[in-house]
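**Q** Mind looking over this structure? Questions follow.
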Amino acid sequence: MTKNTDSQEIEENWKKVMSFFEQSVGKKPSDLKAVLFLIGLQELGEGPQHFTKEQKQDLIHIATCKVLSQGGYYTLLGKDEEGWPHWELVNKLPPFDLFSQETLLKHYVIQYFKTEIGLHI
């Protein structure tokens, strides 16, 4: 498979993830960051509540670490006394331009939905 074909497949599967959100929640997330935020909420495992701006950024970080852990980049260290997961970088990410970084994240978000949510893509 060529890099272009990989990108096409990722974009097709990304549309399926967006469709899943639209069907289950009633609306599509606006972008990758919004999807990562929702994954962070899922990983935190707490019901709806008000989060500070810093906590929202932490949720996106949790999600990023979780999805990249599938590629062996992060490992879960455990949860703190408040139940927030903490991750450790175990394999350095290669340098990417912004587009390649987003494509990599989308790839692992798609994998997350396949393995953790059971979405058939």
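Coordinate-derived values only; no laboratory data. The model shown is predicted, which means the values in this text are computed figures rather than measured ones. Here the Cβ is made from the backbone with ideal geometry for all residues, glycine too, and neighbour counts use every protein chain on show.
**Q** What is the spin-label model distance, in nm, from ILE121 to GLU82 if the labels are put 7 Å beyond Cα along the C-beta direction?
**A** Spacing of the two 7 Å Cα→Cβ label points: 3.1 nm.
**Q** Shifting gears a bit: Quick check: the distance between the Cα centres of the stretch 26-59 and the stretch 95-121, to the nearest angstrom?
**A** 16
**Q** Here's a follow-up. Report the label-to-label distance for ALA34 and GLN49 in nanometres (one decimal), using points 7 Å from each Cα along the Cα→Cβ vector.
**A** Simple spin-label model gives 2.4 nm for this pair.
**Q** Give the relative contact order (percent, whole number) for the chain; include only Cα pairs under 8 Å separated by 6+ residues.
**A** For the chain, the relative contact order is 25 percent.
**Q** Rg and Dmax of the chain, using alpha carbons, in Å: what are they?
**A** Cα radius of gyration and Dmax of the chain are 14.6, 46 Å respectively.
**Q** Taking the Cα centre of the chain as origin and charging only Cβ (+1 Lys, Arg; -1 Asp, Glu), how large is the dipole, in debye to the nearest 20?
**A** My answer is approximately 300 debye.
**Q** Which entries in the list LYS28/LYS106; LYS16/LYS114; LYS56/LYS92; LYS66/LYS114; LYS28/LYS79 go over 18 Å, if you measure between the two C-alpha atoms of each?
**A** Cα-Cα > 18 Å for LYS56/LYS92; LYS28/LYS79; rest within.
**Q** Report, by chain and number, residues whose modeled amide H sits under 5 Å from the one on TYR73, excluding near sequence neighbours (fewer than 5 apart, same chain).
**A** Result for TYR73 returns nothing.
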